[in-house]
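Notes follow the structure.
Values in this text are rule-based calculations from the coordinates and carry no lab data. Here the structure is a predicted model, which means the values were calculated and not measured. Glycine gets a Cβ as well: all are built from the backbone with ideal geometry, and neighbour counts include every protein chain shown.
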Amino acid sequence: MKFAIITHVIHGKVSDKYFGYEPYVREMNLWIKNASEVLIVAPLHSNFKSPIQEFYQHDKIVFTVVPSFDVSSLKNALYSLMVIPSVVLKIYQTMKSADHIHLRCPGNIGLLGCLVQILFPSKSKTAKYAGNWDSKAKQPFSYRLQKWILSNTFLTKNMQVLVYGEWENSTKNIKPFFTASYFEKDKIEVKPRELEGKISFLFVGTLSNGKQPLYAIQLVEQLHKNGNNVQLILFGEGRERTILEDYISRNKLENYIFILGNQSQETIKKAYCENHFVILPSLSEGWPKVVAEGMFWGCLPVASNVSCVPNMLGNGDRGLLLDFKLNNDVKSIESILKDNNLYRNKVNNGIKWSRQFTMDVFESEIKLLLKS
């Protein structure tokens, strides 16, 4: 089977091996496991491989390079108009030669893929919508357009669309799905940490406005001002790192707020196992893997009330939902810090729930999708 992947994910190349963002590639390696040939349409940059990137595991990859583009400014919009025709042609040619078409959405290249796939109604197709599927969420027009096309069973035929969460009034081709990080063999016993001594919080993600790492810092800062023995460790890189470092310096937080940059999956896993809470104050999410990963290793999530996160957290039974009113959120966290039994119960609930979603189950579900 020739398996085509249409994605906006930026890739790199070392010798004859391609790599990309580690959680994405790790998932794609399951999709392509039994493919005879993999056809990838994506941007390719000459970057060095970082600790958060991984190689595709396949012997026969045909990579079609397309440029990244956006319409965030007049200059970028004009550039986009110039390159879109060639991108569409390359997507069309790849889809024509493929046995199965797989779209990664939302994204600009995914949007073009949504449009081009209409021309192949009889081909087997899947799409992974990795963003917030909630129709009430405020999103860019391009995201809403992709959701409309994918949901439209007149335009989009023979496709199963994987989304995070269960949503009312979904069309028959929309399938609730999940993301996994660990295998059945990883289910070693973990116990809730005791709420004594220094209480440690984690932030794992891109240092960007959308992920709101500054709010995570301000939460822990206020907890510290209230007399709690706390610290925050931030893993990740991004445009806001300088802003965050300046905030930490100006407010003299260096003794309990630490930015450690991008780290390997093993380092992050060790951190989940050793710390008490993981904070994700993100403005938008699909299925945030840091929430599921934290729960898997007994690290209690404190996360935004967006997308399917309330469902993941059992509306508070497996974590704490933020309302972005600093004093209220601090009080909610402190109510857990003062009750070790409450903390232990929430952590145990999270461990039990998250361990349903392993890579083994994920691979079995993918096999069923590709057979249908």
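General observations
- The Cα center of the stretch 277-337 and the Cα center of the stretch 241-273 differ in position by 19 Å.
- Subset of Lys185/Lys367; Lys96/Lys367; Lys60/Lys270; Lys125/Lys346 violating a 29 Å alpha-carbon distance limit: Lys60/Lys270; Lys125/Lys346
- Dimensions (Å) - the chain, Cα atoms, principal axes, largest first: 63, 43, 43
- Cβ crowding within 10 Å, taken as a proxy for footprinting-reagent exposure, orders Phe362, Phe324, Phe203, Phe63 from fewest neighbours to most as Phe324, Phe63, Phe362, Phe203.
- Given charges at beta-carbon only (K, R positive; D, E negative), |dipole| of the stretch 185-354 in Debye: 240 debye
- Think of the stretch 185-354 as having a plus end and a minus end, set by charges on the Cβ of Lys, Arg, Asp and Glu; of Asn262, Asn305, Asn226, Asn305 sits farthest toward the positive end of this dipole.
- Gyration tensor verdict on the stretch 1-115 (Cα atoms; rounded if a/c is under 1.5, prolate if a/b is larger than b/c, oblate otherwise): oblate
- With contacts taken as Cα pairs under 8 Å and at least 6 residues apart, the chain reaches a relative contact order of 14 percent.
- Between the listed residues Tyr18, Phe48, Pro281, the Cα displaced farthest toward the positive end of the dipole of the chain, a dipole computed from Cβ unit charges relative to the Cα centre, is found at Tyr18.
- Each Lys and Arg adds +1 at its Cβ and each Asp and Glu adds -1 at its Cβ; summed about the Cα centre, the chain shows a dipole of about 820 debye.
- Cα-based helix-to-principal-axis angle, 265-274 vs the chain, degrees rounded to 10: 30 degrees
- Between amide H atoms placed 1.01 Å from N, distances below 5 Å from Val62 occur with Val38, Leu39, Ile40, all of them 5 or more places distant or on a separate chain.
- Within the stretch 185-354, the ratio Rg/Rh, alpha carbon atoms throughout and Rh by Kirkwood, equals 0.93.
- Only one residue of Trp133, Tyr164, Trp148 has its Cα farthest out toward the positive end of the dipole of the stretch 123-179, where Lys and Arg carry +1 and Asp and Glu -1 on Cβ, and that residue is Trp148.
- Each part reduced to its alpha carbon centroid, the stretch 145-179 and the stretch 30-70 end up 25 Å apart.
- Sparse packing (at most 13 other Cβ atoms within 10 Å of the Cβ) combined with a DSSP loop state is found for the following trypsin sites (Lys or Arg not before Pro) in the stretch 281-372: Lys325, Lys338.
- Kirkwood's formula applied to the C-alpha pairs of the stretch 69-211 gives a hydrodynamic radius of 18.1 angstrom.
- Per-peptide average of other Cβ atoms within 10 Å, ordering 130-142, 225-237 highest first: 225-237, 130-142
- Put in order of Cβ neighbour count within 10 Å, fewest first, the listed residues Glu22, Glu285, Glu334, Glu184 become Glu184, Glu334, Glu22, Glu285.
- Computed over the stretch 98-218: relative contact order in percent, which uses C-alpha pairs under 8 Å that are six or more apart: 20 percent
- Relative contact order of the stretch 185-354: 24 percent, from C-alpha pairs under 8 Å at least 6 residues apart in sequence.
- Listed from fewest to most Cβ neighbours within 10 Å, the set His224, His102, His45 follows the order His45, His224, His102.
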